[in-house]
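Here's the structure, in C-alpha cells; my notes come after.
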Number of protein chains: 2
Amino acid sequence: MTKQLDRNAARLAALGHPVRLAILRAVVKGPAEGTPAGDLQTQVGIPASTLSHHLATLSEADLVKVERSGNFLLYRCDFKSLKTLCDYLWEDCCSGGKCC
Amino acid sequence: MTKQLDRNAARLAALGHPVRLAILRAVVKGPAEGTPAGDLQTQVGIPASTLSHHLATLSEADLVKVERSGNFLLYRCDFKSLKTLCDYLWEDCCSGGKCC
DNA sequence: ATAAAAGTTCGAAAAAAATCGAAATAGATC
DNA sequence: GATCTATTTCGATTTTTTTCGAACTTTTAT
C-alpha cells in the first residue's frame with residue numbers, strides 16, 4: 001500500500017529536477033532504439049559525471065531503459081512505467097463525478 | 001521553453017515526496033469542496049507545522065487550491081493543473097508511432 | 001597489445017529540502 | 001473582549017540531493 005506510494009513518489013521525485021525532466025522529454029521524443037548518453041549530454045549541457053548520476057536516478061526509477069550498442073549506451077523511455085505513474089495520480093478521482 | 005520545463009519540474013518535485021503524494025491522493029479522492037488540513041493531518045500522521053510546509057509546497061505548485069470555511073482551511077485538488085502536467089510528459093511521444 | 005572513445009564510479013564539498021517545537025494569526029464562541 | 005480551535009510562520013537543526021573532477025571500466029580500432 002505505502003509501498004506503491006513510496007515507489008511512485010520516488011518516480012515523481014526522479015522527474016522533479018529540471019535536468020532529469022529535460023532528459024526524460026528528450027527520450028520521450030527521441031528514437032525508439034534510444035539516445036546515446038553523449039547526445040543527451042549535448043542537449044542538457046552538463047559534465048558527464050553529473051549526467052551519469054541523473055541517468056542512474058531515472059534508471060532506478062524505471063523511467064528509462066538502457067542498452068549498450070558498441071561503445072554507446074542508448075537510453076530510451078519506459079513508456080509503460082510512465083503510464084502506470086500517470087494513471088496512479090488519477091485513480092479514484094471521479095468518485096463524486098467532480099472531475100474528468 | 002525552459003520556463004515551462006522548470007515549472008513542470010517543480011510540480012513533479014512537489015509530488016515526489018511520500019507525504020505530499022499521500023496528500024495529493026487524499027484530495028484527489030476527497031470531496032470536491034475540499035478536505036480540512038486537520039483531516040489530512042490525521043491521515044498522514046505528522047506534526048501540524050510539517051504538514052503545513054508540505055501543503056504550502058503543493059499550493060505553490062498549483063496542485064491544490066485552498067479556501068477558508070470558518071476556521072477550517074479546505075484543500076482540494078487542482079485537476080486542471082494535474083492534467084496539464086501529465087499531458088506535458090507525453091507531448092510528442094508518438095512521433096515515431098512507437099508508443100500510445 | 002595499445003590506445004582512443006564513451007560512460008560510469010568514487011569521494012568530497014556545496015546547496016537544497018525536510019523536520020519540528022514554539023510563537024503567531026484568524027476566525028468562532030461564550 | 002477573552003478564549004478556544006485550526007492552522008500557519010519562524011528559526012534552528014538534521015538529512016538528503018546535487019555537483020564535478022579524477023580515476024576506473026568497457027568496447028572498438030589500430
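Please treat every number below as a calculation from the coordinates, not as lab data. Every value quoted in this text rests on a predicted model; they were computed, and no experiment measured them. Every residue, glycine among them, receives a Cβ derived from its backbone with ideal geometry; neighbour counts consider all protein chains shown.
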Chain B - charge dipole about Cα centre, Lys and Arg +1 at Cβ, Asp and Glu -1, debye rounded to 20: 100 debye
Give me a comma-separated list of calculated 3J(HN,Hα) values for segment B:26-37, in order, Karplus coefficients 6.51, -1.76, 1.60 applied at θ = phi - 60°, integers in Hz, x for any Gly or Pro. 5, 6, 5, 7, x, x, 4, 5, x, 10, x, 3
List the distances, in nm to one decimal, from the label point of A:K83 to the label points of the same position in every other copy, shortest first, placing each label point 7 Å from Cα along the Cα-to-Cβ direction. 2.1
Residue by residue through segment A:62-69, the couplings from Karplus 6.51 cos²θ - 1.76 cosθ + 1.60 with θ = phi - 60°, in Hz, x for Gly and Pro, are 6, 8, 9, 10, 10, 8, 7, 9
Residues whose built amide H sits under 5 Å from the amide H of B:V64, excluding neighbours closer than 5 in sequence, are B:S59, B:D78
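Given the Cα-Cα distance of A:V44 and A:E67 and 0.36 nm per residue of separation, how much length would full extension add, in nm?
Numbers: separation 23, 0.36 × 23 = 8.28 nm, distance 2.04 nm.
Fully extending the segment from A:V44 to A:E67 adds 6.2 nm.
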List the distances, in nm and shortest first, from the label point of A:F72 to the matching label points in every other copy, placing each point 7 Å from Cα along the Cα-to-Cβ direction. 5.7
Sorted shortest first, the nm distances from the B:H53 label point (7 Å along Cα→Cβ) to its counterparts in the other copies are 2.2
For chain B, what is the calculated [θ] at 222 nm in deg cm²/dmol (nearest 500), taking -39500 (n - 2.57) for each run of four or more DSSP H residues and dividing by its residue count? -18000 deg cm²/dmol
Residues with amide H under 5 Å from that of B:T35, placed H, sequence gap 5 or more: B:Y75, B:R76
Report, to the nearest 10°, how far helix A:48-60 tilts away from the longest principal axis of the Cα atoms in chain A, using its own Cα long axis and a range of 0 to 90°. 40 degrees
